[in-house]
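Everything below concerns the one structure shown next.
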Amino acid sequence: MSTDTDEDDDSTVRRQPTITLIENDDGWWTARDEERGVTTQGKTRDDALDNLDEAVALHTGEIEPEIDTWEEEKAVLEDLGLDPEEVKAARDEHDSLPDFMQ
């Protein structure tokens, strides 16, 4: 059995992304991951790069988007096999999130 690896094999060779930073006329910064086609902006270079890190993580599925509405929360709870109405009732009764959601 061979242990040689092909240098072009993406599973063994990790490529560094090309990041482009541009200072815009309005003073804001734009950061772009050229390989993934993901672009963000920020008031500072660091903000733009931090935003790009988060956007790339969302793009690649490393993190999930935040839950901002009851409809989004309800869908997640249903996907987890939990009764959204039971969670809502427990929250209303205890005026807070159930322990497993804190």
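The values are calculated or read from the model by the stated rules, or taken from the named source; none is laboratory data. Note that the structure is a prediction, hence the values are computed from the model and not measured. Here the Cβ is made from the backbone with ideal geometry for all residues, glycine too, and neighbour counts use every protein chain on show.
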Can you run down the residue pairs with Cβ atoms below 7 Å, 6 or more apart or on separate chains, where the first is in segment 63-76 and at positive phi and the partner is at pLDDT 85 or above?
-> none
Quick one: which residue in G37, G27 is farther than 30 Å from E85 by Cα, within 18 Å of the chain's Cα centre (by Cα) and not assigned by TED's automatic domain parsing to the domain that holds K88?
-> G37
Any chance you could count how many residues in segment 58-93 are in a loop (DSSP other than H, G, I, E, B) and closer than 30 Å to D33 by Cβ?
-> 9
